[in-house]
Structures are given as structure tokens and as C-alpha cells.
Amino acid sequence: IIIVLISIVVGFFIIRIIINSIKKIISVSQKVSEGDLKQKVNINTNDELEELGSYINVMIDSLNNILSEVSETSQDMAKANKELTETSKVITSGTQNQATQYEELTSALHSTSENTQGATDFINQSVKDADIAEEKMNSVVQEMNKIESSSININDSVKIINDIFAETVFNKASL
């Protein structure tokens with residue numbers, strides 16, 4: 001009877017550890033799914049749950065890196081857009097000067113040509129930056145799909161553990 005009682009107590013504590021670990025994983029997963037990428041899973045159980053928690057942490061770090069790269073690309077695109085606007089202003093100013101003086105026409109056309117080439121270069125760079133941003137967004141979508149898949153796996157694991165817990169409680173009640 002003592003061994004059975006000790007087994008029940010030990011089993012109860014093991015189940016509590018598992019449930020607490022799963023609750024931590026669910027809590028962090030929920031916060032990540034809501035967009036909070038500052039959370040980390042902190043489980044020290046030396047088992048599969050700790051391994052799952054570390055994979056979730058790696059996934060969060062990957063998402064943070066991707067979002068950081070997307071942010072940097074967006075800033076680069078904003079800078080290129082600003083430079084393009086400034087170039088457009090220079091082109092407009094050059095066109096107004098062309099109308100007022102015929103002798104400056106050749107010089108202004110040459111300047112406009114150079115500015116247009118610069119604008120073309122900026123546009124080409126903006127297109128490249130947009131392509132990079134699209135690739136990174138596709139990566140974000142893929143990572144979010146992985147998070148969704150992991151959440152489903154976690155949910156399935158929680159259901160299994162709950163079933164085990166319920167069966168254990170039922171078995172205890174039957175004793």
C-alpha cells in the first residue's frame with residue numbers, strides 16, 4: 001500500500017511537471033501567435049518538452065531575425081524613395097531653368113539626363129529591394145505556417161496528456 005501511495009504521489013508530481021511545462025509552451029505559443037516575439041519558453045526538464053521549448057525559442061529567434069531584415073529593407077526602400085523624390089525635385093528645377101535661358105539648355109539637358117539615370121538606378125534598386133522584401137515576407141509566412149503546425153502538434157500533445165491525466169485520475173478514483 002505504501003509503494004502504491006508513493007507511486008501515486010510520484011506520478012502526481014510527474015504529471016504536474018508535464019502539465020506546467022505544457023502550460024508554459026502554450027502560453028508562449030499563444031503570445032507569439034498574437035505577435036509578441038519577446039517571449040521565450042523556459043523549461044528545464046531534460047526531456048522532449050524541453051526540446052520542444054528550445055525549438056520554439058529557435059523559431060522565435062528566426063522570426064525576429066526575418067522581421068529585422070524586413071525592417072531594414074523597408075528603411076532602405078524609404079531612403080531610396082526619398083532620394084528619388086529629391087532627384088525628381090532637381091529634375092523639375094532643371095526643367096524650369098531650361099525655359100528661362102536658352103544658353104543653359106544644353107547644360108540642363110545633360111544634368112537632367114544624369115539625374116534620370118540616377119533615378120533609373122534608384123528605381124532599379126527599389127525593385128530589387130521590393131523583391132528582397134517579398135522573399136523575406138514569404139519566409140515570414142513559411143515560419144508562421146511552421147508556428148501553426150507546431151501549435152497543432154502542441155495542442156495534440158496537450159490532448160494526449162490530458163487524456164492520460166484523466167485516465168490516471170479515473171484509475172485513482174476506481175481504486
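The values are calculated or read from the model by the stated rules, or taken from the named source; none is laboratory data. Note that the structure is predicted; figures quoted are calculated from it, not measured. Here the Cβ is made from the backbone with ideal geometry for all residues, glycine too, and neighbour counts use every protein chain on show. Ligands, DNA and RNA are stripped out before the accessible areas are found, and what is left, the full protein with its side chains, is counted by its heavy atoms. Shrake-Rupley method; radii C 1.70, N 1.55, O 1.52, S 1.80 Å.
Numerical summary
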| read-out | value |
| --- | --- |
| Every residue from segment 113-124 that is modelled with pLDDT of 75 or more and either open to solvent by less than 80 Å² (accessible area, probe 1.4 Å) or closer than 17 Å to Lys79 by Cβ (or both) | Ser113, Asn115, Thr116, Gly118, Thr120, Asp121, Ile123, Asn124 |
| Only one of Val127, Val158 that is open to solvent by less than 70 Å² (accessible area, probe 1.4 Å) and in a helix (DSSP H, G or I) | Val158 |
| Qualifying positions in segment 57-72 - in contact with a Leu (Cβ under 6 Å, 6 or more places away or on another chain) and of a type in the set (A, V, I, L, M, F, W, C) | Ile60, Leu63 |
| Cβ-Cβ under 9 Å pairs, at least 6 apart or on other chains, segment 130-152 side over 30 Å from Lys79 (Cβ atoms) and in contact (Cβ under 8 Å) with a residue 12 or more places away in the chain, far side of a type in the set (Phe, Trp, Tyr) and surrounded by fewer than 16 Cβ atoms within 10 Å (Cβ to Cβ) | Ser150/Tyr55 |
| Single unsatisfied condition, Glu34 versus (1) more than 22 Å from the chain's Cα centre (by Cα); (2) at pLDDT below 90 | (1) |
| Matching residues, segment 63-81, being buried (at least 16 other Cβ atoms within 10 Å of the Cβ) and not hydrophobic (A, V, I, L, M, F, W, C) | Glu69, Thr73, Asp76 |
| Residue within segment 25-38 that is open to solvent by less than 70 Å² (accessible area, probe 1.4 Å) and at positive phi present | yes |
| Residue check for Asn44: more than 27 Å from Thr168 (Cα to Cα) and open to solvent by 50 Å² or more (accessible area, probe 1.4 Å) | no |
| Any chance Ile60 is surrounded by 12 or more Cβ atoms within 10 Å (Cβ to Cβ) and within 20 Å of Asn162 (Cβ to Cβ) | no |
| Pair list, Cβ < 9 Å and 6+ apart or interchain, from segment 7-35 residues that are within 23 Å of Ser150 (Cβ to Cβ) and without any contact (Cβ under 8 Å) to a residue 24 or more places away in the chain to residues that are open to solvent by less than 50 Å² (accessible area, probe 1.4 Å) and small (Gly, Ala, Ser) | Gln30/Ser151 |
